[in-house]
Amino acid sequence: MMNEIENIELTYLSLTDYTELKEAMIESYTNMPDSYWKEHHIEALISRFPEGQVVIKVNNHIAGCALSIIVDYAKFGDGHTYKEITGNYTFKTHTKDGDVLYGIDIFIKPEFRGLRLGRRLYDYRKELCERLNLRGVAFGGRIPSYHKYADEISPREYIERVRRKEIHDPVLNFQISNDFHPTRIMTNYLEGDKASRDYAVLLEWDNIYYEKQTQKASVIKKVVRLGLIQWQMRSYRTLEDLIQQVEFFVDAVSGYRSDFALFPEFFNAPLMAENNHLSEPEAIRELARHTGALVKKFSELAISYNINIITGSMPEIRNDLLYNVGYLCKRDGTVEGYEKIHVTPDEARVWGMQVGKKLKVFDTDCGKIGILICYDVEFPELSRLLADDGMDILFVPFLTDTQNGYSRVRHCAQARAIENECYVAIAGSVGNLPKVHNMDIQFAQSMVFTPCDFAFPTNGIKAEATPNTEMILIADVDLDLLRELNQFGSVRNLKDRRKDIYDLRKV
């Protein structure tokens, strides 16, 4: 299934989706085959609250759905039933003056489970709750595995044992892992739910940004979380061993709900050890044979872990010529490439590396980004062209062996943040590869730079890793601060350029 995914999209539910939606519900609720929503139910939900009804589509086909309404929770209390909260399935209980976003239904088709698509639906509900300034999200969660233990333990004890990981309940575990906390047992909640013995768990998520007295939702800042991988060069016996380490780091930064994961330049160089008996040009061309498999795996991880991955860089052969390239693997399943425009003298002399020609800004779900590989950041024209195209964040995967080389990358990257009123994130490798020619001891300190103005750190450093230590670096950057800087900054580097004297344009 993973290999066949080309696109993932979260979109509003339309009545024209109903036939496919019905089939998806029947496939998802095999133990309750007659419980699917009728067309008039879906029509009522869309009519009353279109923002609350969303589907997630894979390759333009429905893979999951989330339905919800807004209720005045005080009118129902914690002891309500499903029929009561839905107004006997009419959804007339929905009110724009309510204070709680109530989950009516959520499911993922069996064939798409394991891709963390359910988390995207829950995250949408949370974001909607914050945007509408509601007190929180609530719903009655089924416990379909309870019937296996009903003769031995009470529902309350069952939940406690699930929380202690003594009993595995995939539904309840998933809800708890998505920050929903059980608050009470509900009896006779959903008629006909024999698997749960008619019990349910009231699950809630609290909106910490909720302002009770205000009638207007607060403006939500565009805060983007960056995950930088400071990669340790070490020996790997196989490609699978290296991929295992890659997934470890993707899992780690995704666990902190990062929007981006940034890997260093030539992070896969350890795989050249098996070809160390060859000349340097031959060895790196052998390394290039792994690039296709790595890009494919990165794309799978981006989808599975719901994170945009910048793959650093890898050697790639095109028309028998060698290039230094990388890929942006988006969490929606799309993949876009970038190239190193300026190769170093060493790359050209030792490996025969060719210069790239591709320079572009990438549209993502977290704004516009640019990517420059190592040496490219030392040429200010490139990042200025990207800034002219609306870049918010510049990512720089790098590989430097000496502190001199690192200092060039580091100081030029910080200059790019000031010049272009953008954030710049750099990530490199540390350690050494004694069995790989032309790959000596590596020096790195991964960092996130900002412009230097009142809304940002005075030294222009948002976050920095420990030098020469394998680790991850997590940092939040606020894109709206860039907009404010552009309009009201102490200095305005983008606006104040003297275009009457000089200009910059792509050839």
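Computed from the coordinates by the stated procedures, all read-outs in this text should not be read as laboratory data. Predicted model only: the values in this text are computed from it and were never measured. Ideal geometry is used to build each Cβ from the backbone, glycine not excepted, and the neighbour counts take in all protein chains shown.
Determine ³J(HN,Hα), in whole Hz, for all residues of the stretch 457-469 in sequence, where each value follows from phi through the Karplus function 6.51 cos²θ - 1.76 cosθ + 1.60 and θ = phi - 60°; x replaces Gly and Pro.
My calculation for the stretch 457-469 gives x, 4, 8, x, 10, 6, 7, 8, 7, 6, x, 6, 9 Hz in order.
Quick check: net charge around residue 363, other residues with Cβ under 13 Å of its Cβ, Lys/Arg +1 and Asp/Glu -1?
Neighbourhood net charge equals -2.
Using alpha-carbon positions, what is the distance between the centroids of the stretch 49-83 and the stretch 235-305, in Å?
First find each Cα centre; the distance between them is then 40 Å.
Obtain the nm distance between the two label points defined at residue 360 and residue 404 by a simple spin-label model: each point lies 7 Å from its Cα along the Cα-to-C-beta direction.
Reported label-point gap for residue 360 and residue 404 is 3.8 nm.
Kindly work out what percent of the DSSP beta bridges joining two residues of the stretch 212-336 are antiparallel, to the nearest 5.
Values: 9 of 16 bridges.
Here the share of antiparallel DSSP bridges comes out near 55 percent.
Using the Karplus curve 6.51 cos²θ - 1.76 cosθ + 1.60 with θ = phi - 60°, work out ³J(HN,Hα) for each residue of the stretch 328-335 in order, rounded to whole Hz, and write x for Gly and Pro.
Values, residue by residue: 9, 9, 7, 6, 8, x, 7, 10 Hz.
What distance in nm separates the two pseudo spin-label positions at residue 7 and residue 492, each 7 Å out from Cα along the beta-carbon direction?
Simple spin-label model gives 3.8 nm for this pair.
Round to a whole angstrom and tell me the spacing of the C-alpha centers of the stretch 153-187 and the stretch 434-452.
Computed from Cα coordinates, the inter-centre distance equals 45 Å.
May I ask you to list the residues of the stretch 161-185 whose amide nitrogen lies under 16 Å from a point 7 Å from Cα along the Cα→beta-carbon direction of residue 29?
No residues fall inside that zone.
How much length is gained if the chain between residue 499 and residue 459 is pulled fully straight, taking 0.36 nm per residue apart and subtracting their Cα-Cα distance, in nm to one decimal?
Roughly 11.5 nm would be gained on extension.
Please give, to one decimal in nm, the separation of the simple spin-label points placed at residue 223 and residue 127, each 7 Å out from Cα toward the Cβ.
So the two model labels end up 1.5 nm from each other.
Please work out how much length the chain gains when fully extended from residue 19 to residue 183, using 0.36 nm per residue of separation minus the C-alpha to C-alpha distance, in nm with one decimal. Walk me through the numbers on the way to the answer.
Numbers: separation 164, 0.36 × 164 = 59.04 nm, distance 3.59 nm.
Here the segment from residue 19 to residue 183 would lengthen by 55.4 nm.
Evaluate E = 1/(1 + (r/R0)^6) for residue 78 and residue 168, where r is the Cβ-Cβ distance and R0 equals 30 Å; express this FRET efficiency to the nearest 0.05.
FRET efficiency, residue 78 to residue 168: 0.65.
Between residue 435 and residue 483, what's the calculated FRET efficiency when r is the beta-carbon distance and R0 is 30 Å? Round to 0.05.
After rounding to 0.05, the efficiency reads 0.05.
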